[in-house]
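The values are calculated or read from the model by the stated rules, or taken from the named source; none is laboratory data. Since we're looking at a predicted model, the values are computed, not measured. Every residue, glycine among them, receives a Cβ derived from its backbone with ideal geometry; neighbour counts consider all protein chains shown.
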Amino acid sequence: MNDVTAAAAAALPAYRPKLSFAWVGVVPFVAFAFLFLILPTLQIVTGAFRNPAGEFTLANVANLFQPSILSAYWISIRISVASAFLGCVVGFLLAWAIVLGGLPSWVRSPILTFSGVASNFAGVPLAFAFLSTFGRLGLVTLVLRDWFGINIYAYGFNILSFGGLTLTYLFFQIPLMVLIVTPALDGMRREWREAASILGASGFQYWRMVALPILWPTLLGTFALLFANAFGAVATAYALTGSSLSIVPILLFAQIRGDVLQDPHLGYALAFGMIVVTGIANFIYIWLRTRSERWIK
Amino acid sequence: MKQNRFWSWIFLAIGVLYFLLPLIGTFEFSLKMRRGVYSLDAYEAVIFDPRFQATFGYSVMMALATIVVGVLLVVPTAYWVRLRLPSWRPVLEFVTLLPLVIPPIVIVFGYIRLYNTSSWLPLTGTAMGTNILLMFGYVVLSLPYMYRAIDTGLRAIDVGTLTEAAQSLGAGWITIMWRVILPNVFVAVLSGAFLTFAIVIGEFVLAALLNRPAFGPYLQLIGANRAYEPAALAVIAFAITWGCMALIQVVSRFAPRPPAQPH
Amino acid sequence: MMKRTGTALSMTAAFLMVSTAISSAQDLAALEAAAKAEGMLTTIALPHDWCGYGEVIAGFKAKYPEITVNELNPDAGSADELEAVRANKDNKGPQAPDVLDIGLAFGPQAQSEGLLMPYKVSTWDSIPDNVKDADGHWYGDYYGVLSFAVNTDIVKTLPTDWSDLLKPEYAASVALAGDPRASNQAIFGVHAAGLASGAAAGAAAGEAGLNFFAELNKAGNFVPTIGKSGTLAQGATPIVIWWDYNALSGRDALNGNPPVEVVVPASGVVAGVYVQAISAYAPHPNAAKLWMEYLYSDEGQLGWLKGYCHPIRFNDMVARGVVPQELLDALPPAAAYEKAVFPTLDEQNAAKGVITSKWDSVVGANVQ
């Protein structure tokens, strides 16, 4: 009996659900992220749900729903969306110009390296640069006033406004877009363009029906990055309009870093709220991307 | 094609104008140190300081180390997730967005709490240990940009087909990564490298609280209550960082890549 | 008989003084030896242009070359300093701060959390009682009053008082040096404006100050940018409300380009006190104590005075005549300081509570 079953077992391949060890490949990254990103910042999550005595409480999170803080989140979101959107559009046009726009090849390299530097030019130096250029006594303001007789401040322009802040944020948003989108534009094959025009598509149709759909997930992903980038940016806004702007990072700053006794637990709750907003934004992006990716490949 | 080029030049011109004007404003202000005349006094005060060279050199070394570790960490992970674990992508993307909204000061105090001299991994006890901790901190800060850049690059190539082709030719994983994937995403890696380099050079909070002689704390020390020197420093830091990136670009021409695609 | 007793008593007193001098000199020598054995001191949040700390630290290094001074994060606020102590509880590396220089309100807070090590410097008795903890956990180090730093290239007539700032000639000119929801300096600015309008120190002055700034904003005179040397010189914020020591050292650093006048307002003169403390987890406690001895010696206190800060032992040192005349002349006129109000901790907290919570709604965030 044993021989028969053994022979039968040897003849048939043993059926076992295959254990996937694919997750092993991400172990280094997960370990790194856990040790050097999640664990050190767990304090935010625990701190948000504790009071100074160390007990569990939902009071900090409940505090987030007061009107002044809600409006701070709202302004933060508005500025982030505005600068991300404009950064995407202008950055895309610039990237298109240097990659596909028929410009001489020596233009590309300096623009990319410049974008690298400009993408991190933020904080006090950036705020000061814009103040010294577009402020009331800024270079451009004075030149326009004295040489051309145009007083931009009389027309209602003010660098210390929502629009001015967005304009300043674009200085690091646009280069970020350029750097990230350039490899994607590099991947656009010339053959696709040729095939489209053989089939009778105009330039506009090519973009609308071939290129943009292909690039759409990348554009969405970079928009999400730009959004989070602006959402977390504090140094520039603080230096430019610090005493009258209520964006969440500035409020956070006041609670956990200020020069006066505040409530660090509220600060952690604010940071936790920011993480939640980022998570929601990411989720929306993933959802939109999944829908569009159905038609690719 | 001709019309293409016209618009390209227009966009380029607008872009250049927008970016140059604030820099010109800063530069013009930095020249005003001596009353009534334009002079380079602010620059003299800054360039000949030996600490400038020492701290800048330190930050450059850290930046290069961060880029290498970042690439080694992110490229295989992004590739693997794209290939085998696509359901993990949302989680990965969320995690890589976190460093943008978590204040760096929370990160550094977290490091000090976790990796101090009485912990299981006493990194802060030695200079080299603290350097490594700082570098990991920099990798975390540059993670969003590095990941997004590399993910964009991977999206543009057909990862699955390339892998299958390489495997059918008998390549092992290391060969696939080094000789097939990396050259094809090189432009993306370069973008990520530029972004990382700029971040590390200018970073202040991590270096200041971990007590490392980096460029960021030096800038802060010199510029804190001055008027003209910070403007000069900003211009110099901008120019030198740009120069370093141009060097990276030049060196990268010697790296293996596929022939340039004609557009 | 009386004469002999008198002589005997005074000789005993003299002997005691000499002997305590000898014993404290011995203490100091022992302290110096212990500190040198530790070889390192870690400070935090000491910008070089604040109260002349650059020279004070250099003086310490010159006096004790065996002690390396690590300077952490000169940009830190008081809350950052306390957080650094908490985070470095178990860390004996060079990232752990030994000594702190924090706002007055933070002293009791840190003490209640057990973050401070008590120590009484040898000159303890000459520190006024109302700015030190009886057990020596924290002790006042210097103070200054709020003043206006005016860029006279752009602003032709100097404001002399808070009410002047409302005049139309100062359109888009006045800025605070920090965020009034977070910065000690800015909150004191609002408090001072309130005091100038006649309100009592504390919550009342806080409210009055908020109303003043609301008016200033409505008149178009208030600039929401954080005022710094750069923005003062460039013209974005030609009038900055600053601690007098910051204003004076900023004026010196600009060196006449542009010329800056520092004006202490005629009313509403408010003084802010900072305190020193040693961290309870200091890796180098003896070096920390030696640093305190240095700071509270005449030498250290004069170092702060050179940075235009009024050291806490100022009155004592002036009475003993150890302050050089040129340092006294470099300060704003003493008459201005006689009117200075030193808000108590309770008044400060009350004002802060009002100002930080109501700034946005009363003054109105004009960046929408």
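Candidates in the range B:134-151 are the residues that are over 12 Å from B:Val200 (Cα atoms) and of a type outside the set (A, V, I, L, M, F, W, C); of these, the one that is farthest from the other protein chains (Cβ to nearest Cβ) is B:Tyr147.
Of the residues making up the range C:61-90, those that are in contact with a Phe, Trp or Tyr (Cβ under 9 Å, 6 or more places away or on another chain), part of a loop (DSSP other than H, G, I, E, B) and surrounded by fewer than 24 Cβ atoms within 10 Å (Cβ to Cβ) are C:Tyr64, C:Ile67, C:Pro74, C:Asp75, C:Lys89, C:Asp90.
For A:Ile247, the conditions (1) surrounded by fewer than 20 Cβ atoms within 10 Å (Cβ to Cβ); (2) at the interface with another protein chain (Cβ under 10 Å from one of its Cβ atoms) are fulfilled apart from (1).
Give the number of residues within the range C:185-209 that are surrounded by fewer than 24 Cβ atoms within 10 Å (Cβ to Cβ) and part of a helix (DSSP H, G or I). Write out each step before concluding.
Kept after step one, since they are surrounded by fewer than 24 Cβ atoms within 10 Å (Cβ to Cβ), are these residues of the range C:185-209: C:185, C:196-204, C:207-208.
Add one more test, that the residue is part of a helix (DSSP H, G or I), and what stays is C:185, C:196, C:203-204, C:207-208.
Summing the residues that are surrounded by fewer than 24 Cβ atoms within 10 Å (Cβ to Cβ) and part of a helix (DSSP H, G or I) in the range C:185-209 gives 6.
Being modelled with pLDDT of 85 or more and either β-branched (Val, Ile, Thr) or assigned to a helix (DSSP H, G or I) (or both) is the filter here, so list the residues in the range C:335-349 that pass it. Break it down into steps so the answer makes sense when it comes.
Of all residues in the range C:335-349, those modelled with pLDDT of 85 or more come to C:340-349.
The answer is C:Val341, C:Thr344, C:Leu345, C:Asp346, C:Glu347, C:Gln348, C:Asn349.
Only a single item in (1) more than 14 Å from chain A (Cβ to nearest Cβ); (2) at pLDDT below 90 is not met by B:Trp173, and it is number (1). When B:Arg179, B:Arg113, B:Arg155 are checked against the criterion of being more than 30 Å from A:Ile111 (Cα to Cα), assigned by TED's automatic domain parsing to the domain that holds B:Ala78, among the basic types (Lys, Arg) and at pLDDT below 90, B:Arg113 stands alone in meeting it. Within the range B:26-50, the set of residues being within 7 Å of chain A (Cβ to nearest Cβ) and over 19 Å from A:Ser119 (Cβ atoms) comprises B:Glu28, B:Phe29. Residues in the range B:1-49 that are touching a Gly at 6+ places or on another chain (Cβ under 7 Å) and of a type in the set (Val, Ile, Thr): none.
Picking from residues in the range A:18-38 that are within 7 Å of chain B (Cβ to nearest Cβ) and surrounded by 15 or more Cβ atoms within 10 Å (Cβ to Cβ), the one that is farthest from B:Val108 (Cα to Cα) is A:Gly25. Condition check for A:Arg108 on (1) of a type in the set (D, E, K, R); (2) within 11 Å of chain B (Cβ to nearest Cβ); (3) assigned to a loop (DSSP other than H, G, I, E, B): one failure, at (3).
Evaluation of B:Phe204 against the conditions (1) among the aromatic types (Phe, Trp, Tyr); (2) modelled with pLDDT of 90 or more; (3) closer than 30 Å to C:Pro283 by Cβ shows that the sole unmet condition is (2).
Just one of (1) buried (at least 16 other Cβ atoms within 10 Å of the Cβ); (2) more than 7 Å from every other protein chain (Cβ to nearest Cβ); (3) under 20 Å from the mean Cα position of the chain (by Cα) fails for A:Ser119. It is (2). Annotation note: of A:Leu179, A:Leu160, A:Leu139, the sole residue that is surrounded by 14 or more Cβ atoms within 10 Å (Cβ to Cβ), within 11 Å of chain B (Cβ to nearest Cβ) and touching a residue at least 24 places away in the same chain (Cβ under 8 Å) is A:Leu179. A count restricted to the range B:25-70 and to residues that are surrounded by fewer than 17 Cβ atoms within 10 Å (Cβ to Cβ), of a type in the set (Val, Ile, Thr) and over 23 Å from the mean Cα position of the chain (by Cα) stands at 2. Return yes or no: is C:Pro332 over 16 Å from C:Val263 (Cα atoms) and not in a helix (DSSP H, G or I)? Judged against the criteria, C:Pro332 is not a match. Scoring C:Asn88 on the criteria (1) under 29 Å from C:Tyr308 (Cα atoms); (2) within 11 Å of another protein chain (Cβ to nearest Cβ); (3) at pLDDT 90 or above leaves a single failure, condition (1).
Flag not set for C:Pro311, criterion: surrounded by 19 or more Cβ atoms within 10 Å (Cβ to Cβ) and either of a type in the set (Ser, Thr, Tyr) or out of contact with any Leu (no Cβ under 8 Å at 6 or more places or on another chain) (or both).
Give the residue that is nearest to A:Leu170 (Cα to Cα), with candidates limited to residues of the range A:122-144 that are in a loop (DSSP other than H, G, I, E, B) and under 22 Å from the mean Cα position of the chain (by Cα). First the steps, then the outcome.
The initial filter retains those residues of the range A:122-144 that are in a loop (DSSP other than H, G, I, E, B), namely A:122-123, A:135-138.
When the remaining residues are screened for being under 22 Å from the mean Cα position of the chain (by Cα), the result is A:122-123.
Values: A:Ala122: 10, A:Gly123: 13 Å.
If we take residues in the range A:122-144 being in a loop (DSSP other than H, G, I, E, B) and under 22 Å from the mean Cα position of the chain (by Cα), then A:Ala122 is nearest to A:Leu170 (Cα to Cα).
In this structure, is A:Ala235 buried (at least 23 other Cβ atoms within 10 Å of the Cβ) and either away from chain C (no Cβ under 14 Å) or of a type outside the set (D, E, K, R) (or both)? So A:Ala235 does not fit the description; no.
Could you look through the range B:152-161, keep only residues that are of a type in the set (A, V, I, L, M, F, W, C) and in contact with a Phe, Trp or Tyr (Cβ under 9 Å, 6 or more places away or on another chain), and pick out the one that is farthest from the other protein chains (Cβ to nearest Cβ)? Explain how you work it out, then say what you get.
Within the range B:152-161, the first condition is being of a type in the set (A, V, I, L, M, F, W, C), and the residues that meet it are B:154, B:156-157, B:159.
Filter again for in contact with a Phe, Trp or Tyr (Cβ under 9 Å, 6 or more places away or on another chain), leaving B:154, B:159.
Details: B:Leu154: 9, B:Val159: 11 Å.
The selected residue is B:Val159.
Does the range A:165-176 include one or more residues that are buried (at least 19 other Cβ atoms within 10 Å of the Cβ) and over 20 Å from A:Leu225 (Cα atoms)? No, the conditions are met nowhere in the range A:165-176. Cβ separations smaller than 8 Å between residues 6+ apart or across chains give the following pairs from the range B:79-106 residues that are more than 7 Å from chain A (Cβ to nearest Cβ) and in contact (Cβ under 8 Å) with a residue 40 or more places away in the chain to residues that are polar (S, T, N, Q) and buried (at least 21 other Cβ atoms within 10 Å of the Cβ): B:Leu92/B:Thr77. One residue stands out in the range A:88-105 among those that are more than 8 Å from every other protein chain (Cβ to nearest Cβ) and modelled with pLDDT of 90 or more: the one that is surrounded by the fewest Cβ atoms within 10 Å (Cβ to Cβ), namely A:Val89.
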